[in-house]
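The values are calculated or read from the model by the stated rules, or taken from the named source; none is laboratory data. Note that the structure is a prediction, hence the values are computed from the model and not measured. Note that each Cβ is placed from the backbone with ideal geometry, even for glycine, and that neighbours are counted across all protein chains shown.
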Amino acid sequence: MPLFDLMTLKAVERVPYKKDYDLFRSRLSTAELSAIESWIDERIAGHEVHTAGWMPGHDWRGTVLEPIYTKAAQRDERIAGRAFGLFVYARFLAHPEPWISGRFELNGRDIGSRTYFRKT
């Protein structure tokens, strides 16, 4: 099923910033990618709303997400957040159920990451 963009209501067909996404993926092993994808899929399952930046928490040490910071983003926190956001986007694209994604504010400030809603 497709992922829809909230602003256009059009189906999204690929991950944005594909060149960056592919670079981040290339820096990780197959096992690391699989673990990250499984971790994201587990968080998506059974829930109606997700905000990418709120999913992982702040300390990734000792988790399957740590290689995003240490390897994919080469220890740059800002880039690690962007990489994680692209990995999340890709998992929603691959999800069997339709989802809608958009950007929102909280208390007048940009959240800084995408929010996903299960399309009903």
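Just a few scattered comments:
- Taking first residues from the stretch 105-120 that are free of Cβ contacts under 8 Å to residues at least 12 places away in the same chain and partners that are among the aromatic types (F, W, Y), the Cβ contacts under 9 Å between residues at least 6 apart in sequence or on separate chains come to D110/F104.
- Pairing each residue of the stretch 7-22 that is within 16 Å of R91 (Cβ to Cβ) and touching a residue at least 60 places away in the same chain (Cβ under 8 Å) with any residue that is small (G, A, S) and surrounded by 10 or more Cβ atoms within 10 Å (Cβ to Cβ), provided the two are 6+ apart or on different chains, yields C-beta distances under 6 Å for V15/A90.
- Condition check for P56: touching a Pro at 6+ places or on another chain (Cβ under 9 Å) and either at negative phi or acidic (D, E) (or both): no
- Residue match in the stretch 48-71 (condition: closer than 21 Å to G112 by Cβ, surrounded by 11 or more Cβ atoms within 10 Å (Cβ to Cβ), hydroxyl-bearing (S, T, Y) and under 13 Å from the mean Cα position of the chain (by Cα)): yes
- Filter pass, I36 being among the β-branched types (V, I, T), in a helix (DSSP H, G or I) and either modelled with pLDDT of 90 or more or touching a strand residue (DSSP E or B) at 6+ places or on another chain (Cβ under 7 Å) (or both): yes
- Scanning the stretch 10-24 turns up at least one residue that is in a loop (DSSP other than H, G, I, E, B), modelled with pLDDT of 90 or more and in contact with a Phe, Trp or Tyr (Cβ under 6 Å, 6 or more places away or on another chain).
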